[in-house]
Amino acid sequence: MAKKQRAEVPAWMVEQIRAVVDPLPRAYEEFAWVGVRWRIGAATVAHLFGGEDGLIRITLRGEADEVAAFEHLGAPYFRAGWGDNVIGMIVDDATDWSEVAELLIDSYCLQAPEHLAAQVDRPDAPTAE
């Protein structure tokens, strides 16, 4: 039986992620074992890849309570088979890319050293008064 091919990630999806992550301090993009990933140092911020089922997925990092909340929401979110801080999400034409952008920034801030994360403007971050 022939092995199924993984879906190819559309270039426009890579551009959506790139537009958010590339401006972040010291973030970089690289090809992964499958798909594309964005990293800070050796830590992965996001991984965008196609599955053998034809669906495109992104995995990001989140706080433990966020991971549990997203997992309980169900589709398009899913529990990744690794790590206790991984949020998985199916992405397609109906994806709310502004929500993905927020998740990407949060993921970066969790993975980056504190001095780099402190340079990032986070819309939901508390402000000092």
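The values are calculated or read from the model by the stated rules, or taken from the named source; none is laboratory data. Treat the numbers as computed from the prediction; the structure is a model and nothing was measured. Because the Cβ atoms are built from the backbone with ideal geometry, glycine has one as well, and the counts that use them run over all protein chains shown.
Taking only the stretch 105-114 into account, find how many residues are assigned to a loop (DSSP other than H, G, I, E, B) and closer than 22 Å to MET13 by Cβ.
Step one: list which residues in the stretch 105-114 are assigned to a loop (DSSP other than H, G, I, E, B), which gives 112-113.
Cutting the leftovers down to closer than 22 Å to MET13 by Cβ gives us none.
Looking only at that region, the number is 0.
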Filter result (within 14 Å of GLY51 (Cβ to Cβ) and part of a helix (DSSP H, G or I)) within the stretch 1-40: MET13
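Run down ALA7, ALA32, ALA46, ALA80 and say which single residue is surrounded by 15 or more Cβ atoms within 10 Å (Cβ to Cβ), over 24 Å from ARG122 (Cα atoms), touching a Leu at 6+ places or on another chain (Cβ under 9 Å) and touching a residue at least 12 places away in the same chain (Cβ under 8 Å).
ALA7
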Residues (modelled with pLDDT of 90 or more and not in a loop (DSSP other than H, G, I, E, B)) located in the stretch 49-68: PHE49, GLY50, ILE56, ARG57, ILE58, THR59, LEU60, ARG61
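Per-residue answers, yes or no, for (1) assigned to a strand (DSSP E or B); (2) under 21 Å from GLU29 (Cα atoms):
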| site | (1), (2) |
| --- | --- |
| HIS47 | yes, yes |
| PHE70 | no, no |
| ILE87 | yes, yes |
| ALA94 | no, no |
| LEU103 | no, yes |
| LEU116 | no, yes |
Filter result for GLU71 (without any contact (Cβ under 8 Å) to a residue 60 or more places away in the chain and touching a helix residue (DSSP H, G or I) at 6+ places or on another chain (Cβ under 9 Å)): no
Considering residues of the stretch 83-121 that are more than 11 Å from the chain's Cα centre (by Cα) and of a type in the set (A, V, I, L, M) only, the residue surrounded by the most Cβ atoms within 10 Å (Cβ to Cβ): ALA112
Condition check for ARG26: charged (D, E, K, R), within 19 Å of ARG122 (Cα to Cα) and more than 14 Å from the chain's Cα centre (by Cα): yes
Residue check for ARG37: surrounded by 11 or more Cβ atoms within 10 Å (Cβ to Cβ), of a type in the set (Lys, Arg) and under 21 Å from GLN119 (Cα atoms): no
